[in-house]
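Structure provided below as structure tokens; questions to follow.
We did not get these values from a lab; they are worked out from the coordinates using the rules stated. It should be emphasised that the depicted structure is a prediction, and the values quoted were computed from it without experimental measurement. Backbone-built Cβ (ideal geometry, glycine too); neighbour counts: all protein chains shown.
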Amino acid sequence: MPAYDPNNIFARILRGEIPNRTVLETEHTLAFHDIMPKAPVHVLVIPKGAYVSYDDFAANAPDAEILDFTRAVARLTRELGVDLDNGQGYRAITNAGEHGVQEVPHFHLHILGGRNIGRMIDPA
């Protein structure tokens, strides 16, 4: 696993060095609007801890942080109106490493909704 870079953009956002449009903040989680949205709803959800990828987070985060993150995602989908009780659904995406085309080496989850997102990948 690559080492965590404490100067990545999300670490800098968490330290308050770079502004963001916060949607939700909890003890262990920050969610904010993506600066280049790909859908009417496009929010990034990040843990406040230093994790490179989802597998790093799942293996190494304390239970309280995992629970907080998971519950924050559920709350966000409801508040954004994309959950299945109030909306028509959403896509949750996380990228890891070179083959996953991860751009920021801090675990983050994209929540996209507000329209049909289309196929996940083009069939090859």
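Taking the simple approach of a point 7 Å from Cα along Cα-to-Cβ for both E17 and E98, what is their distance in nm?
2.6 nm
For n ≥ 4 DSSP H runs only, could you compute -39500 (n - 2.57) per run for the chain, divide by its residues and tell me the 222 nm figure to the nearest 500? The partial results should precede the final answer.
Numbers: 3 runs with 30 residues, N = 124.
Only helices count here, giving -7000 deg cm²/dmol.
Something else now. Can you compute the modelled spin-label distance between A59 and M120, with each label point 7 Å from Cα toward Cβ, in nm?
2.2 nm
Can you list which of the GluC sites (Glu not before Pro) found in segment 1-110 are DSSP loop residues with at most 12 other C-beta atoms within 10 Å? Don't jump to the answer; show the numbers that get you there.
Numbers: sites: E17, E25, E27, E65, E79, E98, E103; in loops: E17, E27, E98, E103.
In loop regions of segment 1-110 (DSSP not H, G, I, E or B), the sparsely surrounded GluC sites (Glu not before Pro) are E17, E27, E98, E103.
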